[in-house]
Amino acid sequence: MSESLKIQVERRDGLAVIYTEGYINNQGGEEIARAANELILDGHKVLLLNLQGTKIVNSIGISILIEIIEKMLEIDGKLAFCCLTPTIEKTFHIMGLAQYAGIYGDEAVAVDEMRGGGAEGGAAEDSAAKA
Amino acid sequence: MATDAVLREVKLTLPLDANMEIAASKTAMAMAEMMSMGTDRIDEVRMAVVEACINAIEYSRAEDGKVHLTFEVLGADATDPRVLRITVRDSGVGFAPEGVEEPRIEQKLTSENKRGWGLKIIRGLMDDVEIESGAGGTSIVMTKARADDGPGSDAGVAGEG
């Protein structure tokens, strides 16, 4: 049973998107953190994590995502998530992540909002994400 | 209120090894699908099972090196499965559930230790959760009704929960 995480990074004008596919456990979380750190070192301060290809996460993986949120807050950057399953979104709300990182139902909406400053401080609200 | 009977039962014993929680989550999914639970609720059950197993894998230090799971479908009769009850048990060192501080994101963001979310997630995703822990180990019993409302939601769950 292979549940290892694959990631893909897309660098765009002023924003980078990290796409995940697979299980976000400790190894998966570390993969994401490595990619995020590289992007930060390259000067990216606006990161979007598209979790469309992830159907299951665990709390160890999410705790590593919290480290990334901490880092983004330190550099006054923006981090948001999009395309979450309803359960992953519910879990992020249970943990309070939505207070510090935007959560969007759709990547295009997330990109628009993040570029336009709509996700200031990360505490974005997206009605599409609640649908 | 009628007491529900155990309509189906599956027992699973797993080694306390990384990623074994996925095997447990797949069993939970199969049981939940068998009782026609909705997709979102199945995902919530899977995630809660993952967290309960990780709790055992990470913290139990059980001498037998195992975590024991029981999946039970409860209902009045076979045509009306109402509740999925899952017990995750280890014979490890145990802990005091009432002594576990509720994690808060504001505090975790600045803390070295960003972990400790498992029980909060399990409680947030399942309908009912009971934790017993002591020198003999830990037992987490959690239930999820087949449906959010309707006959399953007020099912009388048999046993001590």
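Please treat every number below as a calculation from the coordinates, not as lab data. These numbers were taken from a predicted model, which means no experiment stands behind them. For neighbour counting, all protein chains shown are included, and Cβ atoms are generated from backbone atoms with ideal geometry for every residue, glycine included.
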Here the whole-number average of other chain Cβ atoms within 10 Å per Cβ of A:90-98 is 5
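Using only Cα atoms, what is the ratio of the radius of gyration of region A:6-130 to 2.2 N^0.38 Å?
Details: Rg = 12.6 Å, N = 125, 2.2 N^0.38 = 13.8 Å.
The reported ratio for this selection is 0.92.
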Rg/Rh for the protein assembly as shown to two decimals, with Rh computed the Kirkwood way over all alpha-carbon pairs.
1.00
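Quick one: work out Rg over Rh on the C-alpha atoms of region A:57-101, Rh as Kirkwood radius.
Dividing the radius of gyration by the Kirkwood radius yields 0.95.
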Would you grab the residues whose amide H sits under 5 Å from the one on A:Tyr104? Only those 5+ places off in sequence or on another chain, please, with H modelled 1.01 Å from N.
A:Phe81, A:Cys82, A:Cys83
Relative to the longest principal Cα axis of chain B, at what angle does helix B:20-34 sit, 0 to 90 degrees, rounded to 10?
20 degrees
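Per-residue Cβ counts within 10 Å, from other chains only, averaged over B:134-147: what number is that? Show your work: numbers first, answer last.
Values: counts 0, 0, 0, 0, 0, 0, 0, 0, 0, 0, 0, 0, 0, 0.
Shielding by partners across B:134-147 averages 0.
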Under Karplus coefficients 6.51, -1.76 and 1.60, residue-wise ³J(HN,Hα) of region B:57-72 in Hz, glycine/proline x
4, 7, 10, 6, 6, 5, 5, 7, x, 9, 10, 10, 10, 10, 10, 10
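Please state the charge dipole magnitude for region B:8-145, taken about the Cα centre, from unit charges on C-beta atoms (+1 on K and R, -1 on D and E), reported in debye and rounded to the nearest 20. Intermediate values should be presented prior to the final figure.
Numbers: 17 positive and 24 negative charges, 41 e Å.
Dipole magnitude for region B:8-145 comes out near 200 debye.
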Once phi is turned into ³J(HN,Hα) by the Karplus curve 6.51 cos²θ - 1.76 cosθ + 1.60 with θ = phi - 60°, what whole-Hz value does each residue of region B:112-120 show in order, with x for glycine and proline?
5, 8, 9, 9, x, 9, x, 5, 5
Under the definition of partner shielding as Cβ atoms of other protein chains within 10 Å of a residue Cβ, what is the mean value for peptide A:52-64?
5
Net charge of neighbours whose Cβ lies under 11 Å from the Cβ of A:Thr85, counting Lys and Arg as +1 and Asp and Glu as -1:
-1
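Show me the GluC sites (Glu not before Pro) within region B:1-62 that DSSP assigns to loop and that have at most 12 other Cβ atoms within 10 Å of their Cβ.
Details: sites: B:Glu9, B:Glu21, B:Glu33, B:Glu44, B:Glu51, B:Glu58; in loops: none.
Here no GluC sites (Glu not before Pro) fit, given the DSSP loop and packing criteria.
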Given the options A:Met114, A:Met72, A:Met95, state which has the largest fluctuation in a GNM of chain A using a 10 Å cut-off (strictly under) for Cα springs.
A:Met95
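Membrane-span-like helices in chain A: DSSP H runs reaching 18 Å or more (Cα, own axis), mean Kyte hydropathy at least -0.5?
Details: long enough: A:26-41 (22 Å, -0.27); A:59-74 (22 Å, 1.26).
Result, helices passing both filters: A:26-41, A:59-74.
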Computed ³J(HN,Hα) along region B:46-53: with the Karplus parameters 6.51/-1.76/1.60, θ = phi - 60°, integer Hz and x for glycine or proline, the list is 4, 5, 5, 5, 4, 5, 5, 5
A correct fewest-to-most ranking of B:His68, A:His93 by other Cβ atoms within 10 Å would be A:His93, B:His68
